[in-house]
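Colleague: Below you'll find the structure I mean.
The values are calculated or read from the model by the stated rules, or taken from the named source; none is laboratory data. Bear in mind that the values here come from a model prediction, so they are computed numbers and not experimental data. Methodologically, a virtual Cβ is constructed for each residue, glycine included, from the backbone with ideal geometry; neighbour enumeration extends over all protein chains shown. Remember, those area values only see protein heavy atoms, side chains included, never the ligands or the DNA or RNA. Shrake-Rupley method; radii C 1.70, N 1.55, O 1.52, S 1.80 Å.
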Amino acid sequence: MKLYLKRDKTDENSRYIVFDENGDEKYRIVGKRSTSTERIYIMFGDTCVAKIKDTHLGPMRSCSVTTQDGSFHIVITCSKDKIAITYHRAQFHIRGDVLNKSYDILDVANSVVACISRRFKTSSETLELNIYMQKYEILCISSALCLNNICMNDTLALQAT
């Protein structure tokens with residue numbers, strides 16, 4: 001199944017819209033930002049299906065994700081040479097180039113759960129999420145949101161270290 005994550009700037013709380021292959025809106029991503037934390041909500045209609053607390057701690061970020069099925073954390077550490085991404089309470093890892101938005105989410109058996117890549121489906125940049133295991137749809141969207149935020153917010157910090 002393919003989903004598309006497109007930036008939404010219709011108001012101050014809008015973050016992204018997730019579309020399906022037919023161009024129909026499937027999820028709306030909204031959020032609120034404070035000095036070091038952003039709270040992100042994945043909405044299916046009027047129902048919140050996931051909450052993400054994205055906390056910036058210097059060269060490290062922590063994304064705490066809570067869904068209907070449980071919770072997990074993604075810790076992202078930036079150094080001069082690389083970005084380290086670690087999942088806690090979820091048996092997944094990343095393979096590929098996160099900064100260039102071309103990476104895979106793999107499970108504990110190294111099976112590909114999803115391929116994430118940059119696409120120009122419309123007039124603006126869009127992320128394509130090719131999800132192979134539908135039961136991990138919200139995990140994949142949450143991961144893409146957290147990792148896309150590092151690309152948008154931390155690239156300059158990464159270059160400066």
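Colleague: For segment 1-64, which fully contained strands (runs of 3 or more DSSP E) count at least 2 residues that are open to solvent by 20 Å² or more (accessible area, probe 1.4 Å), touching a Leu at 6+ places or on another chain (Cβ under 9 Å) and of a type in the set (A, V, I, L, M, F, W, C)? Quick ask: steps written out before the conclusion?
Modeller: On the way: elements: 2-7, 14-20, 25-33, 37-44, 47-57.
Fully inside segment 1-64 and qualifying: 14-20.
Colleague: What about LYS80, is it within 22 Å of VAL98 (Cβ to Cβ) and not in a strand (DSSP E or B)?
Modeller: Numbers: within 22 Å of VAL98 (Cβ to Cβ): yes; not in a strand (DSSP E or B): yes.
Yes: the conditions hold for LYS80.
Colleague: Between residues in segment 71-87 that are closer than 13 Å to GLY58 by Cα and residues that are assigned to a strand (DSSP E or B) and among the charged types (D, E, K, R), which pairs lie under 9 Å by C-beta distance while being six or more apart or on different chains?
Modeller: Matching pairs, first to second residue: VAL75/ARG61; ILE76/ARG61; THR77/ARG61; CYS78/ARG61.
Colleague: Right, VAL75: open to solvent by less than 60 Å² (accessible area, probe 1.4 Å) and among the β-branched types (Val, Ile, Thr) or not?
Modeller: Values: open to solvent by less than 60 Å² (accessible area, probe 1.4 Å): yes; among the β-branched types (Val, Ile, Thr): yes.
Yes: the conditions hold for VAL75.
Colleague: For segment 85-114, enumerate the residues that are closer than 19 Å to ILE52 by Cα, assigned to a strand (DSSP E or B) and open to solvent by 30 Å² or more (accessible area, probe 1.4 Å).
Modeller: ILE85, THR86, HIS88, HIS93, ILE94
Colleague: Something else: Looking only at segment 129-149, decide whether some residue is in a strand (DSSP E or B), closer than 24 Å to ASP8 by Cβ, modelled with pLDDT under 90 and open to solvent by 20 Å² or more (accessible area, probe 1.4 Å). Show your work before the answer.
Modeller: Initially, segment 129-149 is screened for residues in a strand (DSSP E or B), giving 129-131.
Narrowing further to those that are closer than 24 Å to ASP8 by Cβ: 129-131.
Filter again for modelled with pLDDT under 90, leaving none.
Checking segment 129-149: not a single residue is in a strand (DSSP E or B), closer than 24 Å to ASP8 by Cβ, modelled with pLDDT under 90 and open to solvent by 20 Å² or more (accessible area, probe 1.4 Å).
Colleague: Could you say which residue among SER64, SER111 is within 16 Å of CYS140 (Cβ to Cβ) and not aromatic (Phe, Trp, Tyr)?
Modeller: Values: SER64 fails: within 16 Å of CYS140 (Cβ to Cβ).
One residue alone meets the criteria, SER111.
Colleague: Can I ask one more? SER117 is checked against (1) open to solvent by 30 Å² or more (accessible area, probe 1.4 Å); (2) of a type in the set (Ser, Thr, Tyr); (3) modelled with pLDDT of 90 or more and fails just one. What number does that condition carry?
Modeller: Against the list (1) open to solvent by 30 Å² or more (accessible area, probe 1.4 Å); (2) of a type in the set (Ser, Thr, Tyr); (3) modelled with pLDDT of 90 or more, SER117 comes up short only on (1).
Colleague: Between residues in segment 101-114 that are basic (Lys, Arg) and residues that are part of a strand (DSSP E or B), which pairs lie under 9 Å by C-beta distance while being six or more apart or on different chains?
Modeller: LYS101/ILE116; LYS101/SER117; LYS101/ARG118; LYS101/LEU127
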